[in-house]
Amino acid sequence: MTDGRRVLITGISGQLAGQVARALEARDDVVELYGVDVREPHHDLRRTEFVRADVRNPLVARVLDVAQIDTVVHLAVASTPSAAGGRARMKELNVIGTMQLLAACQKVPSLRGFVLKSSAAVYGSEFTDPASFRESVTPRTPPTHGFGKDVAEIEGYVRAFGRRRKDVDVTMLRFANLLGGRLDSAFSSLFNLPVVPSVLGYDPRLQFCHEEDAVAVLERAATGSHPGIFNVAGDGVLYLSQAIRLAGRIATPVPLPFVAGVASLVRRSGRADVPSDQLRFLQFGRVVDTTRLERRFGYTPRYTTRETFQDFVRRKRIRGVVAHDEVIRWEREIYDLIQRKGQERFLASRGRQGGR
């Protein structure tokens with residue numbers, strides 16, 4: 001549209017959707033903004049028109065057509081069964097809901113952009129994974145159940161929509177775990193526990209995306225032309241053991257045969273929500289390459305993975321069992337030990353070579 005963007009956001013009651021809507025409200029080039037959800041949002045929104053509807057409702061197609069929507073930002077994708085009311089309902093909302101939304105979008109002549117908030121969970125987590133996933137890489141062992149499988153199916157339907165509507169810019173954003181002071185997730189809920197369970201013998205590499213970076217990327221995608229698939233994560237990695245120490249928590253290594261049982265016990269306690277399909281992630285972790293985000297999409301995250309986690313701990317006011325200064329001291333001692341042992345091995349190898 002020549003007179004400005006007309007944007008519709010699904011899942012508007014979510015915290016991330018509310019932040020994206022506020023960012024779009026502040027833009028002069030967004031003339032109309034609509035939010036769709038079954039629950040009324042409690043965000044401080046000024047210009048966003050709320051439409052109480054399920055994305056599977058035919059009413060959404062009417063709104064798209066009557067409002068002459070040119071950009072859809074699809075954020076109504078649940079990552080945990082508890083948030084959706086059970087695994088069966090989660091699957092229906094995620095996959096069937098997206099199918100119905102795309103069917104509605106198919107009939108809207110004014111549509112020019114479709115933005116999907118996807119997830120790096122589409123790559124799965126296995127011991128055969130590459131050092132980092134590029135967007136063009138197909139995982140050797142794709143996820144077979146849970147959120148990861150939902151995301152893979154959703155992306156498949158969105159790609160098919162893009163082939164049918166070549167006049168629409170389709171942007172799929174594969175976010176690493178989102179962390180922030182206003183967001184809740186399965187991973188962040190682990191740090192509500194005084195002791196954090198881990199898998200004995202494993203120390204997965206993790207990446208995080210700060211909520212402010214997520215909002216900036218979604219805003220940019222909704223107001224520009226950036227077709228394609230993009231990994232979104234802060235620079236660098238953080239081992240789970242490092243994250244536990246930075247949060248001042250104590251790790252509780254759990255032998256692999258008992259991990260599922262412990263996770264079920266934690267879920268029933270209501271203190272943390274760790275779906276069974278996420279246990280592989282706590283075992284093997286996941287790292288993505290963000291070169292395409294920086295070079296083609298044109299965005300470099302402000303926060304590194306480590307800075308994202310540290311800001312999350314500060315803003316959530318997570319009070320550690322161990323003082324933060326003590327944690328830093330422990331990390332220095334660990335690094336000193338690694339360097340010392342490495343030097344000892346180097347000198348020992350030189351000595352062996354000299355004795356030959």
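The values are calculated or read from the model by the stated rules, or taken from the named source; none is laboratory data. Please read these numbers as outputs of a predicted model, since none were measured by experiment. Cβ placement follows ideal geometry from the backbone for every residue including glycine, while neighbour counts extend to all protein chains displayed.
The residue that is farthest from the chain's Cα centre (by Cα), among those in region 18-41 that are surrounded by fewer than 21 Cβ atoms within 10 Å (Cβ to Cβ) and small (Gly, Ala, Ser), is 26.
Residue by residue, here is whether (1) more than 28 Å from residue 28 (Cα to Cα); (2) under 22 Å from the mean Cα position of the chain (by Cα) holds:
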{"site": "43", "(1), (2)": "no, yes"}
{"site": "48", "(1), (2)": "no, no"}
{"site": "56", "(1), (2)": "yes, no"}
{"site": "62", "(1), (2)": "no, no"}
{"site": "107", "(1), (2)": "no, no"}
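If a residue has to be crowded, with 16+ Cβ neighbours inside 10 Å and either within 18 Å of residue 80 (Cβ to Cβ) or in contact with an Asp or Glu (Cβ under 9 Å, 6 or more places away or on another chain) (or both) to count, how many in region 243-273 make the cut? Residues meeting the conditions: 10. Pairs linking a residue in region 238-250 that is farther than 16 Å from residue 204 by Cβ to a residue that is among the polar types (S, T, N, Q) and modelled with pLDDT of 95 or more, with Cβ atoms under 9 Å and 6 or more positions apart or on different chains, do not occur. Of all residues in region 46-55, none satisfies being out of contact with any Asp or Glu (no Cβ under 9 Å at 6 or more places or on another chain) and either of a type outside the set (Asp, Glu) or touching a residue at least 60 places away in the same chain (Cβ under 8 Å) (or both).
Against the list (1) surrounded by fewer than 22 Cβ atoms within 10 Å (Cβ to Cβ); (2) modelled with pLDDT of 95 or more; (3) not in a helix (DSSP H, G or I), the condition residue 216 fails is (3). Condition check: of a type in the set (A, V, I, L, M, F, W, C) and touching a residue at least 12 places away in the same chain (Cβ under 8 Å). Does residue 26 satisfy that? Judged against the criteria, residue 26 is not a match. Just the residues that are surrounded by fewer than 19 Cβ atoms within 10 Å (Cβ to Cβ) and either free of Cβ contacts under 8 Å to residues at least 40 places away in the same chain or closer than 25 Å to residue 87 by Cβ (or both), please, taken from region 130-154. Across region 130-154, the qualifying residues are 130, 136, 137, 138, 139, 140, 141, 142, 144, 145, 153. Contact annotation: residue pairs with Cβ atoms under 6 Å, 6 or more positions apart or on different chains, pairing a residue in region 306-325 that is modelled with pLDDT of 85 or more with a partner that is not in a helix (DSSP H, G or I) and not small (Gly, Ala, Ser), are 306/238; 308/179; 308/208; 308/210; 309/208; 309/238; 312/179. Just so you know, in region 42-82 the residues that are out of contact with any Lys or Arg (no Cβ under 9 Å at 6 or more places or on another chain) and of a type in the set (Val, Ile, Thr) include one that is surrounded by the fewest Cβ atoms within 10 Å (Cβ to Cβ), and it is 66. Do the conditions hold for residue 129, that is, is it under 30 Å from residue 203 (Cα atoms) and more than 18 Å from the chain's Cα centre (by Cα)? So residue 129 passes the test.
Checked against the criterion of being surrounded by fewer than 22 Cβ atoms within 10 Å (Cβ to Cβ), free of Cβ contacts under 8 Å to residues at least 40 places away in the same chain and not acidic (Asp, Glu), region 94-101 has no qualifying residue.
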